[in-house]
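Presented below is the structure to which this report refers.
The values are calculated or read from the model by the stated rules, or taken from the named source; none is laboratory data. Keep in mind that what you see is a predicted model, and the values were worked out from it rather than measured. As a convention, Cβ positions derive from the backbone with ideal geometry for all residues, glycine included, and neighbour counts pool all protein chains shown.
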Amino acid sequence: MTHSSSTQGIPHAAAVPRHIAMIMDGNGRWANKRFLPRVAGHVKGVETVRDVVEACAARGVEYLTLFAFSSENWRRPADEVSFLMKLFVSALEREVAKMHVNGIRLKIVGDMSRFDAKLQKMIAAAERKTEGNSRLTLTICANYGGRWDVLQATGKMIAANPGVTEFTEEMLAPHLSMAYAPEPDLFIRTGGEQRASNFLLWQMAYSELYFSDTFWPDFDAAALDLAIASYQQRERRFGRTSAQVVERKKAS
Ligand code: IPE
Ligand code: IPE
Ligand code: MG
C-alpha cells in the first residue's frame with residue numbers, strides 16, 4: 001500500500017504520532033564539548049539510535065525515519081566521511097539481527113549508487129531479512145537529499161506516463177523514495193539548529209516541527225516524550241479553520 005498524501009484527513013493530534021522523522025544533529029559539538037574527536041560523537045550517536053528506536057516502538061510509533069547522512073555531507077573532511085561509512089557498515093553488522101528479533105523492519109533510503117558494492121549488498125540483505133516485520137518501520141536516510149528525492153520521483157513519473165504532459169501530486173507521490181510510509185506527523189531536529197538541511201522536503205509539507213537544543217548523543221526517551229507532548233498540544237489544521245477542525249472531530 002502506498003500513502004500518497006496525509007493532508008486530506010486529519011490525524012488525531014492527541015494520539016501518538018504514527019510517523020516521526022528526525023534530524024540527528026549535534027554529534028560533533030557533543031564531542032567537542034568533551035575535548036573528544038568529532039567521530040566520538042558519531043559513535044555515541046549510534047547508541048542513541050538504538051535507544052530511540054526502542055522508545056518509539058514502545059510508545060506505538062509505527063514509522064521512525066532518521067537522517068544519518070545527507071547528500072551534502074560528502075563535503076566534510078575525507079577522514080570523517082570514511083569514518084561515518086565504516087560506522088554505518090559496523091552498525092549494520094551488529095544491529096540487524098537484534099532489530100529482526102525485536103520486530104523492526106529496516107529500510108535505507110537515498111542515492112545508493114555512491115556507496116561501495118559491499119555496503120549496497122549489506123543494505124539489500126538487511127532490508128530483505130527484516131521486510132516481514134511490523135512492530136516499527138525504521139528508515140535510515142543515507143546519502144539522502146529532499147531535492148534528489150523529488151527529482152528522481154519526477155523522472156520515474158514521466159517514464160511511467162509516456163506522452164503525458166500534465167501531472168498531479170497524486171501521480172508523483174508513489175515514486176518518492178518513502179512511498180511506503182505516511183507523511184511524517186512530527187519532525188524533530190536535535191542540536192539546536194532550526195533548519196531543514198534538505199531532508200524530506202515534499203513529505204514535510206504539513207509535519208509539526210519540533211526543535212531540541214539537546215545534542216543527539218544526549219537525546220533519550222525523556223526528551224522524546226517532551227517532543228511527543230508538544231505534538232499533542234498542537235492543532236493540525238491542514239489549511240482549514242480551527243472551528244472546522246473541531247466540527248470534523250465531533251463528526252468522526
Ligand atoms: C550529525 O551531527 C551527524 C551527521 C551529520 C552525520 P554533526 O556531525 O552534524 O554534529 P555537529 O552539528 O557538527 O555538532
Ligand atoms: C543534517 O545535519 C544532516 C544529518 C543529520 C545527517 P548537518 O549537520 O549536516 O546540517 P547543516 O550542514 O548544519 O545544515
Ligand atoms: Mg550538524
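Quick one: count up the residues across segment 32-49 that are of a type in the set (D, E) and within 11 Å of ligand 1 (Cβ to nearest atom).
Restricting attention to segment 32-49, the residues satisfying the condition of being of a type in the set (D, E) are 47.
Subset that is within 11 Å of ligand 1 (Cβ to nearest atom): none.
So the count comes out to 0.
Select from segment 54-71 the residues that are hydroxyl-bearing (S, T, Y) and within 14 Å of ligand 1 (Cβ to nearest atom) and list them in ascending order. Step through it out loud before you land on a result.
We begin by selecting, within segment 54-71, every residue hydroxyl-bearing (S, T, Y); these are 63, 65, 70-71.
Hits for segment 54-71 are S70, S71.
Tell me, which residue of segment 179-224 that is in contact (Cβ under 8 Å) with a residue 40 or more places away in the chain and assigned to a helix (DSSP H, G or I) is farthest from R75 (Cα to Cα)?
It comes out as A221.
It is to be established whether one or more residues within segment 72-83 are at pLDDT 95 or above, within 16 Å of ligand 1 (Cβ to nearest atom) and touching a Leu at 6+ places or on another chain (Cβ under 7 Å). Please lay out each step first, then the result.
Start the filter on segment 72-83 by keeping residues that are at pLDDT 95 or above, which leaves 72-83.
Add one more test, that the residue is within 16 Å of ligand 1 (Cβ to nearest atom), and what stays is 72-83.
With the extra rule that they be touching a Leu at 6+ places or on another chain (Cβ under 7 Å), the set shrinks to none.
No; the residues of segment 72-83 include none that is at pLDDT 95 or above, within 16 Å of ligand 1 (Cβ to nearest atom) and touching a Leu at 6+ places or on another chain (Cβ under 7 Å).
Please determine, by comparing only the residues of segment 25-80 that are in contact with a strand residue (DSSP E or B) (Cβ under 9 Å, 6 or more places away or on another chain), part of a loop (DSSP other than H, G, I, E, B) and not small (G, A, S), which one is nearest to ligand 3 (Cβ to nearest atom).
So, considering only residues that are in contact with a strand residue (DSSP E or B) (Cβ under 9 Å, 6 or more places away or on another chain), part of a loop (DSSP other than H, G, I, E, B) and not small (G, A, S), the one nearest to ligand 3 (Cβ to nearest atom) is D25.
Taking segment 81-124, which residues are part of a loop (DSSP other than H, G, I, E, B), under 18 Å from the mean Cα position of the chain (by Cα) and not small (G, A, S)?
Of everything in segment 81-124, just one residue is part of a loop (DSSP other than H, G, I, E, B), under 18 Å from the mean Cα position of the chain (by Cα) and not small (G, A, S), namely D111.
If I filter segment 229-252 down to residues being surrounded by fewer than 14 Cβ atoms within 10 Å (Cβ to Cβ) and among the hydrophobic types (A, V, I, L, M, F, W, C), which single residue comes out as nearest to the chain's Cα centre (by Cα)?
A229
Looking only at residues that are among the hydroxyl-bearing types (S, T, Y) and more than 18 Å from D25 (Cα to Cα) in segment 191-210, which one is surrounded by the fewest Cβ atoms within 10 Å (Cβ to Cβ)?
Filtering segment 191-210 for residues that are among the hydroxyl-bearing types (S, T, Y) and more than 18 Å from D25 (Cα to Cα), the one surrounded by the fewest Cβ atoms within 10 Å (Cβ to Cβ) comes out as Y206.
Output the residues belonging to segment 189-230 that are among the aliphatic types (A, V, I, L, M) and either more than 14 Å from ligand 2 (Cβ to nearest atom) or closer than 18 Å to V16 by Cα (or both). Before you say what the answer is, go through the steps one by one.
Residues of segment 189-230 that are among the aliphatic types (A, V, I, L, M), as a first pass: 196, 200-201, 204-205, 209, 221-224, 226-229.
Listed by number, the residues that qualify are M204, A205, L209, A221, A222, A223, L224, L226, A227, I228, A229.
So how many residues does segment 14-59 have that are closer than 30 Å to A243 by Cβ and either at pLDDT 90 or above or buried (at least 17 other Cβ atoms within 10 Å of the Cβ) (or both)? Break it down into steps so the answer makes sense when it comes.
Initial filter on segment 14-59 (closer than 30 Å to A243 by Cβ): 14-21.
So of that shortlist, the ones also either at pLDDT 90 or above or buried (at least 17 other Cβ atoms within 10 Å of the Cβ) (or both) come out as 15-21.
Total meeting the criteria: 7.
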